[in-house]
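Encoded as structure tokens, the structure appears first; notes follow it.
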Amino acid sequence: MNLILLAWKNIRHQWLDTLLGVLLLAFGLGTISMLILIEKQSSEQFNRNIKDIDMVLGAKGSPLQLILANVYHVDAPTGNIKIRDAKQVIYNPTVAMAIPLAYGDNFQQWRIVGTDSNYAQHYAMKLREGIAFKEEYDANIGADVAKATGLKLGDTFLSTHGLDQTENDEEHAHHHAYRVVGIFEKSGSVIDRLILTPVETIWHAHEDSEPASTETEESNDSTNSAPPMIKKGPMMMLRPAKAMAPSPNDNKEVTAYLIKSRMAMAQMILPNLIKETNMQLAFTAIEVNRLSQNFGLGMDTVKAVAWVIIGLSFFSIFISLFNSLKKRKYELALMRSMGASPFKVFALIITESLLLVSTGIIFSWLFSRIGLSILSHQLNNSFHYTMNVNDFSIQEVYLTIAALLFGVIAALVPAINAYKMDISKTLAHE
Amino acid sequence: MLTTKELQYQYPRGKKIDFPDFSLQQGETGLLLGESGSGKTTLLHILSGLRAPTAGVVQYDNTNLYQLSSGQRDAFRGKNMGLIFQTPAFIQSLSVLENLMAPLYLNHQLQDQHKAKHLLEKVGLYHKINQRPFQLSIGEQQRVSIIRAVIQSPQLIFADEPTSALDDKNAHQVIELLLNISAENKASLLVVTHDHRWSSFISKTIRL
């Protein structure tokens, strides 16, 4: 026998009295723990995916939607923009880099994104197998896509029009097959969940289904090349004349450009350039901050409720220990009469409280992981996003220590009463 | 071995009692007799270090009980005294055997189960070893509480009305057990009672 075993047996003997407190504690701590992990993982995801992207240029609509659709790929795009219109922004000297994104098709609900090699380079993607796409209908697939679809190097697949139609949707299926030429290593970025292909693939895939443009474009070099992309380079204060000149792709459309600015001034200059167009520039910092605030408000509300539940649980534990002390007063006096020091009975009450709190903590971990697992499943179904159920935050350690401290505090009054108990009076039933 | 001198107790809002001086040698048995309210239980608590007297001395060989600190007195009681109460009381969450081990644990002694099992066998309760105390009859409970009192081989056993709640058959079993067990352990036994069934077994009496 030892103190912990004795305390545990006492708890088990009156488990019904303490069950409510433990369950409330498990629920409260579990909710807080789950929110901590959601905040941590979503923040990591946000930061990883936003990676130096300052702005997104796309069709007018909700700026937040533009960011969510093009940076995180969790929302529908706001529409398409013409390359001709975008040129005045992407060739502006204040822009260091602009990566084109064109999408609207999927394979088994995994988004197919037309882009150029800079997209993968920007996220420092490494190919696990194969080579980077070169030709139309070449596909580089993310690690999550490869795992979920079972696609291997050299496999071919047909895309489906839209972002959420299934592969059996014959009506919306395209008939030109993509070929997997490369599979990326897992990176933790949004590209894990995307199928990348040259942007020309997207244009060609939709040429049959969309009416040809009535506008004719004059071109001084007539190659059907990729959409303009500005790379990092020495600062230019003047627009390169050649880049701004008409090209055969000017009338083509992309969904958005991910833009990295060269200087802070870009945020003031660029919006003025597109005032009269159907385009908008969404600033990632502002929109993510807004999203965090809205998201945070909801999280804070749930957290506040969880803290109230935790408070109630400690009150419940206090009440159950207090009642238990009243019931077991004679028993504790008996222990004292057998030679137990006042400190031993004090320690017994504190240990019982710590065991109750520890039980609550264990159940809270279980609860938070089950909650996270359910959330992860739902996110995966909706957005192909997953949460790491085995993740762990240092804040959970602080939460655990705080819970144990509160457990000691909740037990202090009953424990002090037990410490100061008049054994003689109790045994004599005075 | 046990000697008292000029013991006095003043109840907080009541009378003052002067207790007679007496002594109890090693292995000696004695009856503490008195009317209800005469202070028998109070004296027993004073002798066992549970309640400090207003004045006077409780001496165990060379140890003055009330010159010890509270913690030392608890340890002294745990090591040298076995207490039996009128109503048998137990730690309800523990089995019979675990209850018998409790004094050993509380006094930091080796939790050897052999003696407990042997004594339970002797009183015919071995088969109840894993039962909870509330599953025993009152007579069985009192026998178990006697075993618990002697499990550490104390030099002194104090019994407070140990048979008053028992019928004749159970009372005789308990009297016999207490006398035998204290004799086997060479322990002094002081029984507080107004139960006349004890008078034929113990000759030394202290009257309050």
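The values are calculated or read from the model by the stated rules, or taken from the named source; none is laboratory data. Keep in mind that this is a model prediction, so the values were computed, not measured. Backbone-built Cβ (ideal geometry, glycine too); neighbour counts: all protein chains shown. Just the protein is used for accessible areas: all its heavy atoms, side chains included, with ligands, DNA and RNA removed. Shrake-Rupley method; radii C 1.70, N 1.55, O 1.52, S 1.80 Å.
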Out of all the residues in region B:192-202, is one or more within 14 Å of chain A (Cβ to nearest Cβ) and within 17 Å of the chain's Cα centre (by Cα)? yes
Only residues in region A:180-192 that are modelled with pLDDT of 95 or more count as the first member; pair them with residues that are of a type in the set (Ser, Thr, Tyr), Cβ under 8 angstrom, at least 6 apart or cross-chain, and list the lot. A:VAL180/A:THR156
If a residue has to be open to solvent by 80 Å² or more (accessible area, probe 1.4 Å) and under 19 Å from the mean Cα position of the chain (by Cα) to count, how many in region B:6-30 make the cut? 2
Just a yes or no: is a residue in region A:402-419 assigned to a helix (DSSP H, G or I), surrounded by fewer than 23 Cβ atoms within 10 Å (Cβ to Cβ), of a type outside the set (A, V, I, L, M, F, W, C) and touching a Phe, Trp or Tyr at 6+ places or on another chain (Cβ under 7 Å)? yes
Just the residues that are polar (S, T, N, Q) and under 22 Å from A:ILE274 (Cβ atoms), please, taken from region A:58-117. A:SER62, A:GLN65, A:ASN70, A:THR78, A:ASN80, A:GLN88, A:ASN92, A:THR94, A:THR115
Tell me, please, whether a residue that is part of a helix (DSSP H, G or I), at pLDDT 90 or above and of a type in the set (Gly, Ala, Ser) can be found in region B:75-91. no
Would you say B:LEU119 is farther than 21 Å from A:GLY339 by Cβ, away from every other protein chain (no Cβ under 13 Å) and open to solvent by less than 60 Å² (accessible area, probe 1.4 Å)? no
Odd one out for A:THR255, checked against (1) more than 30 Å from A:ASP105 (Cα to Cα); (2) surrounded by 20 or more Cβ atoms within 10 Å (Cβ to Cβ): (1)
Is there any pair linking a residue in region A:365-394 that is within 18 Å of A:ALA143 (Cα to Cα) to one that is open to solvent by less than 50 Å² (accessible area, probe 1.4 Å) and not in a loop (DSSP other than H, G, I, E, B), with Cβ under 6 Å and at least six apart or on different chains, and which? A:HIS384/A:ARG193; A:TYR385/A:LEU379; A:THR386/A:SER376; A:MET387/A:GLN41; A:MET387/A:LEU372; A:MET387/A:SER376
When you scan region A:338-374, how many residues do you find that are hydroxyl-bearing (Ser, Thr, Tyr) and modelled with pLDDT under 90? 1
Does B:GLY124 satisfy the criteria of being of a type outside the set (Asp, Glu) and at the interface with chain A (Cβ under 10 Å from one of its Cβ atoms)? no
Looking at this structure, is A:SER324 open to solvent by less than 30 Å² (accessible area, probe 1.4 Å), within 14 Å of another protein chain (Cβ to nearest Cβ), at pLDDT below 90 and part of a helix (DSSP H, G or I)? yes
If we keep just the residues of region A:258-313 that are without any contact (Cβ under 8 Å) to a residue 24 or more places away in the chain and within 16 Å of A:VAL95 (Cβ to Cβ), which is surrounded by the most Cβ atoms within 10 Å (Cβ to Cβ)? A:PRO271
I'm checking my understanding of the structure. Among residues of region B:85-116 that are among the β-branched types (Val, Ile, Thr) and either more than 10 Å from chain A (Cβ to nearest Cβ) or open to solvent by 20 Å² or more (accessible area, probe 1.4 Å) (or both), which one is farthest from B:LEU189 (Cα to Cα)? B:VAL96
Residue among B:LYS40, B:LYS5 that is modelled with pLDDT of 90 or more and on the phi < 0 side of the Ramachandran plot: B:LYS5
I'd like to know if region B:44-61 contains one or more residues that are surrounded by 13 or more Cβ atoms within 10 Å (Cβ to Cβ), under 18 Å from A:ASP422 (Cβ atoms), more than 19 Å from the chain's Cα centre (by Cα) and modelled with pLDDT of 90 or more. yes
State which residue pairs qualify: first residue closer than 20 Å to A:VAL254 by Cβ and without any contact (Cβ under 8 Å) to a residue 60 or more places away in the chain and inside region A:41-67, second residue open to solvent by less than 50 Å² (accessible area, probe 1.4 Å) and part of a loop (DSSP other than H, G, I, E, B) in any location, beta carbons under 9 Å apart, and separation of 6 or more residues or different chains. A:SER62/A:THR78; A:GLN65/A:ALA76; A:GLN65/A:PRO77; A:GLN65/A:THR78
Of the residues in region A:1-18, how many are loosely packed, with under 14 Cβ neighbours inside 10 Å and more than 8 Å from chain B (Cβ to nearest Cβ)? 4
Going by the structure shown, is A:LEU23 touching a Gly at 6+ places or on another chain (Cβ under 9 Å), farther than 29 Å from A:ASN294 by Cβ, part of a helix (DSSP H, G or I) and in contact (Cβ under 8 Å) with a residue 40 or more places away in the chain? yes
